[in-house]
Every structure is written in structure tokens, then in C-alpha cells.
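Asker: First the structure, which I've put down as C-alpha cells, then a few questions once you've had a look.
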Amino acid sequence: MDQQQPPRRQIPSLLRGPRITLKRLLRRFSRQGLMRWLAFGVVTGIGSGILACLFYLGLERLSGFLLVHCAGLSLPHPSGESMVHAVPGPYRPWLIPVFTTGVGLVTGLLVTRFIPQAMDGATDGTDAMIKAFHKNSGTIKPLVPLIKGATAIATIASGGSAGQEGPISQLGAGLGSFFAQLLHLTTRQRRILLLAGAAGGLGAIFRAPLGGALTAVEVLYSEDFEAEALLPAVVSAVVAHTLFSFFFGSEAILDTPTYVFENPMELPFYLALALVVSLGARIFIRSFFFFKFKIFGRLKDRFGYTVPMVVGGLAMGVFGMYFPQVLGGGYGWLELSINGQLGLGFLGGLFFGKVLATSLTVGSGLSGGMFAPALFLGGAAGGAVGQVGHMLSPSVVTQPGAYTLVGMATFFAGVAHAPIGPLIMVSEITQGYGLLAPLMLCSAVALVLCDDIHLYENQVENKFASPAHVADATNNILEGVPVSSVFTPGRATILEESVTLRALAHIISGTSELVFPVKNAEGKLTGILALQDVRCVVFEACLHDLVLVKELMRPPVVVHPDMSLYDALMLFIETDLSQLPVVTSERPDAVLGMLGRQHVFTAYTTTLRHLKQEE
């Protein structure tokens, strides 16, 4: 037995952390596993990037075959997505309802047979990802994103009014969830990898790594964002974007002029844009949920999933046969509007036509995302405002196409309560930040005006409303308090590996300690012995001279002075020990003393009392 008395030093108070040094920060970051999250982000980014490439390739090929080659349509295509140049066939628009109805039938049969549980309570793939994060512990069954991704390709390629964002975020999220389950990660880590996968898919498919990462962590809440997932989300989005660009190039989706906000006199017109776009957002939300619940919801309750999808596909196909401008994602029309090539009446017709087309497609349960339709609707409404502003004051509103860009981000910010990610994403899509000031202003106004409407059904207000953060009140308090703030160095009863059970019984009878660090002959800390581990044998006289401490100890578990009390609490829970030895990284075998569970509980109550007094 060895009695060790470490030198005493002044310990900071409970609410004043220790001096922060670079070396201490590096040690803390290492223990928190930042390198591990970087690695996870890279792997998730590679996987989601590959999925985005396959999704994009399948969509372009099938869309070119069905709409261009078979139906003979010649719709405008965005410059950044003109990878496949299908040869137009004879003009046969009657094939469009055939395609969309067939897709509705196949989709209905597949989801009814394999994934019926995944169809309820979600607007689209992004909403399903949000639901998995909040309510399903970050778990997504692998079959769900695979079927939804494949059917989304068929839906969009056949002319359905939906976007790539929903299915690709669900595919990436499903990959992140699968990866976490494969590695047996914790629920918290699984949720973070789910977001990293979604960010990778978004960053790749939209050529917008920063916007994709921010949107993935922001869309979960209407008044908050998941900051903890930002690092792996950014890494995943960058890796996925790089992989996607390697195969398909880094050209922006939309070929746009370089618009720059220079005239402050335009601000009233941009405020008018925010008002009009917010009104348009309300019209869209009311129409979409009316079709989803009042029409297709009643059909689903009576006939199951297949009938409303067939009806929705047929209605969408007939509508698209006469008005092909509403087919698909519609980025080609947005590019024309940004470049000032569409008139006021045409933009108004596009807006209301797209509202109906999206309600028929996604509202009926067909696979597809809401991001592209939201951008389309915002761009159409913003472009109309720009046209009116140019007619009223051509010397002030000199570039009406810029209003299309601002309207895109404003609309999604209003309906999804996500102002930052879409703003950055639109800037990345167009590869220009000259309109950042009006983008920020209009997004902020739309957030206020659209405060009571929500596109995503599973979006919650903030972390306190999410089941994923029920323990955050405790976590946040303890994570801000270091061990050194509550721990005072003192005597620690240290055992040697060669101590016999007889000697151990005498030691236990002479001390009130419950946990004992164990060292070997060289003085290295090799284990820890708890009274609860030896209670059943310590009084067996026949074993007193036969059993050594080395045979009874468990692997060493230690805490560091700069470790947070939350991390220490997790160690107490995992080991079921009442005390843990405290050591420093510089001297890992020198025990400073023992940290007790009561120190953690006392720190929590003291800090909580202090915070209440400050309120």
C-alpha cells in the first residue's frame, strides 16, 4: 500500500473555468473525439457523394428518355445540368399521364408492400429525415431510402413536380444512420451521422457544400439549429461535393449574370418582394395541405396508399400534358427568369401552376422533395415583383432578374424557417454573393411573416421541444463545469498488485474509501479495485493468502482536471463506481486524489442555484 500526498494548488471556483492554454485545448479536443468526427464525416461524405452521383445519373438518363425521347418535349434545361443530350422524338404529350400514372401505381404497390410505416407523418424525404432525428433515435431502415430514392427518380423523370432535395437528403441520412448502426455508435452519435449524411447529399446534388451543411442542421428546428453536428456535416458536404464535381464538373446549376446590390433605393422594392413571397408561401402551404389531407388523405384512409398515388399521378400527368411548363423541377425556367427572359404574366401562371402541380405530386404521396418546388415558386413570385418594379421605376430596379434569386431563398426561408442555409445555397448555386444584403433582409422579413406556417410537419420549435434533447438541461450545465473546479487534491489509498486478500481486508477495515487505484511494481497505474467487487470474497479466510489484488482489479478508469463534469458523470454511469481517481495527462500514474459522485451532484445543484439567481 502506498499513501500519496500530491502538492496542493489553488483550484478555480465552480463557475470560473481553468486557464485555457493551447496544450489543454488540444488535449480536450482529442478526448472529445474531433478527429473521429472528421473521419466519420469523410466516410459519410464519400458514401453520400456516391449516392448523389448515382441518383443524378439515373434521373438525367431516365428523364431524357421519357420526357425528351419518348414524349418529344423540349423543355428548358439549366446550364449546369445539361449532362445528357437526349434526341427529341415525335411530339407525344399523351404519354405524360401514362408515365405519371404508371409511376403512381408502382410507387403505391412498393410502399404498401415493403415500407408502409414510412409513409405516415412526413411531407417528403427531408421531413422523414427530421422525423428520424427527433422521434426515431436517428434510425432509418435501409430499405426506406432505397425505395424512396428509386421511386423519386421515376417520379421526377416522368414529369412529376418534385425536387431532388428530399430523396437525396433521405438517402444520405439513411447511409449515415446505417453507418452508425454498423459501428454500434450511441444514439447521439447516430443522430449526428444522420445529419452528416443528409448534408453530404445536399451539398453534392446542389453543388453547394456550405449551404447543404447549414440546411441539414438548420431545418430540424424553426428557432434553433444542431450546432453539434456542424463539423461532420461540413466535412461530409465538402467531400461529397468534391466527389460529385470530379464526375460531373463544378459548374453552377444556374448560369446567371453577376448581380450586385448597389442602390439603397431598391430596398423598398425588396421589402415588397418579401411581402409578396410570404403571401405566396401562405397560398402554397394552404393549397398543399388541403390536397394532402382533405383529398388524398381521405382516399388513403379508404383505399390505402396506392389509389391516391395513382389518382395524383394521373391528375399531374393530364395537367402536365396541357401545361408542360410545370413538369419536373423547373430549374430551366428559373434560369430564364433570372436572365430576364420571362414576362410578368408568364411568371404568374408558372407560380399558380406549380402550386397545383406540386400539390398533386407530393401531396398524393409520390416520392420527391419540396426544396426545388419551393425555389421555383419563390423565384416566380420574386421575378414577378422584379418585373413590376422595373416597370414602375426602371432607373432604380435595373436588374429585375435579381429578384428571382432573392425570391428563391426568401420563399424557402419562410416555409421551412431556415434562413441561413437556403440563403447560402442559393448563392452557391448561382456562384455569386452580390445579393447577400437583400437576401438577408428578405429572409428575415419572411421569417416573421410566416411564423405560423410550417412546410415540414416534424420540425420542432427548438431543442427543448425535441425528444433528442430531453437531457440537455443537465448536460449543458455540467458540460460547462470542469472537474478542477470542484475537485480538491488529497490523500488517495493506492494498492499494489501484490497485496494479498488478507492485507486488503485490513486496509478496508481502516479506511472509509470505496475505490482504490492499483499500481504495479514499477509504479504504473494498472487497474482499479472497488469494494463492491470484492465484498463476496474478502471474508473468505481460505482465500486470504491465495488471492492477490491483481486478480481482483478491473481496468483503470481515470478523470482529468480539465475534463467536464458531464464526461465524468458518464464515466460514473458506465463504471457504476462511486469514486474515480484524478490524474493529469503529463503524469498519468500520479493520482492527485479521488473524485466522488457527490462532487458532481453538488456542482449541479450549486450551478443551477446560481443560474436561477441571475434570472
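Asker: Helix-derived [θ] at 222 nm for the chain: sum -39500 (n - 2.57) over DSSP H runs of at least 4, divide by residue count, nearest 500?
Answerer: Mean residue ellipticity at 222 nm (helix-derived): -18000 deg cm²/dmol.
Asker: Would you mind counting up the charge near Gly176? Only other residues with Cβ under 11 Å from its Cβ, with Lys and Arg at +1 and Asp and Glu at -1.
Answerer: +2
Asker: Taking only the alpha-carbon atoms of the stretch 330-453, what semi-axes of the equivalent ellipsoid follow from 5 times the gyration tensor eigenvalues under a square root, in whole Å, largest first?
Answerer: They are 22, 18, 13 Å, listed from largest to smallest.
Asker: Once ligands and nucleic acids are excluded and a 1.4 Å probe is used, how much of Trp94 is accessible, expressed in Å² to the nearest 10?
Answerer: Number for this one is 140 Å².
Asker: Let me ask something else. List the residues, sorted by chain then number, that are 5 or more residues from Lys519 or on another chain and whose placed amide H is less than 5 Å from its amide H.
Answerer: Answer set, sorted by chain and number: Leu495, Glu496, Glu497, Thr526.
Asker: Normalised by the residues of the stretch 91-201, what does the relative contact order come to in percent, with Cα pairs under 8 Å and at least six apart?
Answerer: Rounded, it is 28 percent for the stretch 91-201.
Asker: For the chain, with the dipole built from +1 on Lys and Arg beta-carbon atoms and -1 on Asp and Glu ones, taken about the Cα centre, which of Pro438, Gly64, Thr500 lies farthest toward the positive end?
Answerer: Thr500
Asker: What relative contact order, as a whole-number percentage, does the chain give when Cα pairs under 8 Å and 6 or more residues apart are counted?
Answerer: Dividing the mean separation by the residue count of the chain yields 18 percent.
Asker: What aspartates and glutamates sit close enough to Lys292 to cross-link, taking a C-alpha to C-alpha distance under 17 Å and skipping anything fewer than 8 places away on the same chain?
Answerer: Straight-line reach from Lys292, under 17 Å: Asp120, Asp124, Asp127, Asp301, Glu457.
Asker: Let me ask you something else. Of Gly378, Phe412, His469, which is farthest along the charge dipole of the stretch 368-495 in the positive direction, counting Lys and Arg as +1 and Asp and Glu as -1 at C-beta?
Answerer: Value computed over the given set: His469.
Asker: Additional query: Which value, in debye to the nearest 20, describes the size of the charge dipole of the stretch 101-241 about its Cα centre when Lys and Arg Cβ atoms bear +1, Asp and Glu Cβ atoms bear -1, and nothing else is charged?
Answerer: Computed about the Cα centre, the dipole is about 480 debye.
Asker: Using a 1.4 Å probe and counting only protein heavy atoms, arrange Phe247, Phe55 so the residue with the most accessible area comes first.
Answerer: Phe247, Phe55
Asker: While we're looking at this one, here's another question. What is the distance in Å between the Cα centres of the stretch 64-134 and the stretch 456-470?
Answerer: 31
Asker: Across the stretch 297-382, how large is the tail of the calculated P(r) beyond 22 Å, expressed as a percent of all Cα pairs?
Answerer: 29
Asker: Using 29 Å as the Cα-Cα cut-off, could you pick out the over-long pairs in Lys148/Lys300; Lys141/Lys463; Lys135/Lys354; Lys148/Lys354?
Answerer: Exceeds cut-off: Lys135/Lys354.
Asker: Using each residue's phi in the stretch 235-251, evaluate 6.51 cos²θ - 1.76 cosθ + 1.60 at θ = phi - 60° and report the 3J(HN,Hα) Karplus result to the nearest Hz, with x for Gly and Pro.
Answerer: 4, 4, 5, 5, 5, 5, 5, 4, 5, 5, 5, 4, 8, 10, x, 9, 5
Asker: Excluding Val547 itself, calculate the net charge of residues whose Cβ lies under 11 Å from the Cβ of Val547, where each Lys or Arg counts +1 and each Asp or Glu counts -1.
Answerer: So the surrounding residues net to -1.
Asker: Mind grabbing the base-10 log of I(q)/I(0) for the stretch 33-127 at q = 0.11, 0.12, 0.18 Å⁻¹? Debye formula, identical points on the C-alpha positions, no solvent, two decimal places.
Answerer: For the stretch 33-127, the Cα-only Debye profile gives -0.55, -0.64, -1.04.
Asker: Met265 accessible area, nearest 10 Å², 1.4 Å probe?
Answerer: Near enough 120 Å² of accessible area.
Asker: How large is the charge dipole for the stretch 279-379, taken about the Cα centre, if only the Cβ atoms of Lys, Arg (+1) and Asp, Glu (-1) carry charge, to the nearest 20 debye?
Answerer: The calculation lands at about 440 debye.
Asker: Using Cα positions and a limit of under 20 Å, work out the lysines in reach of Lys519, with same-chain residues fewer than 8 apart set aside.
Answerer: Lys550
Asker: Using the charge dipole of the chain (Lys, Arg: +1 at Cβ; Asp, Glu: -1 at Cβ; taken about the Cα centre), state which of Ala157, Leu279, Ala541 has its Cα farthest towards the positive end.
Answerer: Toward the positive end, the furthest listed residue is Ala541.
Asker: With charges set only on the Cβ (+1 for Lys and Arg, -1 for Asp and Glu), what does the dipole of the chain come to about its Cα centre, in debye to the nearest 20?
Answerer: For the chain, the charge dipole is close to 640 debye.
The values are calculated or read from the model by the stated rules, or taken from the named source; none is laboratory data. Here the structure is a predicted model, which means the values were calculated and not measured. Cβ: placed from backbone, ideal geometry, glycine included. Neighbour counts: every protein chain shown. Surface accessibility is based on the protein's heavy atoms, side chains included, excluding ligands, DNA and RNA. Shrake-Rupley method; radii C 1.70, N 1.55, O 1.52, S 1.80 Å.
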